[in-house]
Amino acid sequence: MSDEYIYDEATGEWRPASEVAAAAEAAKPQARDASGNLLADGDAVTLIKDLKVKGTSQTVKQGTVIRSIRLTDDPELIDCRHDTIKGLVLRTEFVRKK
C-alpha cells in the first residue's frame, strides 16, 4: 500500500499526507458556546439573551431554541435556520448548547 508524502518545510522532512491532514485538523479552532461546550454541526442551541436582527425589525427572544446549526469557517459564528428569519448567523457567545 503506497501512501502519499508531503514535504514539511518547517521540519525539513517528508511526512505521510494522512499525518499532515490529521495535524491540520487538530490545529483548527473549534466552535464553543457561551459555557465553553464544544459545538458540532446539527446541534440544537438556546439563545441566552434577546437579539435584534440586523436588517429587520425583528427580535429573537432569549430562550429561543435553534435546531440544526451549521458551523462556519469562523469558530465564533454559526449558521442557523429560524422559521421567520432566513440566513440567520449567530455569534457563539450568545448561545448555549441544549
Inside the range 29-60, the number of residues satisfying the requirement of being aliphatic (A, V, I, L, M), closer than 16 Å to ASP83 by Cα and outside any strand (DSSP E or B) is 2
Those residues of the range 1-58 which are exposed (fewer than 12 other Cβ atoms within 10 Å of the Cβ), touching a residue at least 12 places away in the same chain (Cβ under 8 Å) and over 28 Å from the mean Cα position of the chain (by Cα) amount to ASP3, GLU4
The one condition VAL89 fails out of (1) touching a Leu at 6+ places or on another chain (Cβ under 8 Å); (2) in a loop (DSSP other than H, G, I, E, B); (3) closer than 29 Å to ALA26 by Cα is (2)
Among the residues of the range 1-28, the number that are among the charged types (D, E, K, R) and in a loop (DSSP other than H, G, I, E, B) is 4
VAL95 meets each of (1) modelled with pLDDT of 95 or more; (2) over 15 Å from the mean Cα position of the chain (by Cα) with one exception, condition (2)
The lone condition THR56 fails out of (1) out of contact with any strand residue (DSSP E or B) (no Cβ under 6 Å at 6 or more places or on another chain); (2) of a type in the set (Val, Ile, Thr); (3) not assigned by TED's automatic domain parsing to the domain that holds VAL89 is (3)
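The values are calculated or read from the model by the stated rules, or taken from the named source; none is laboratory data. Keep in mind the model is a prediction, meaning the values are calculated, not measured. Quick reminder, even Gly has a Cβ in these numbers, built from the backbone with ideal geometry, and neighbours come from all protein chains shown.
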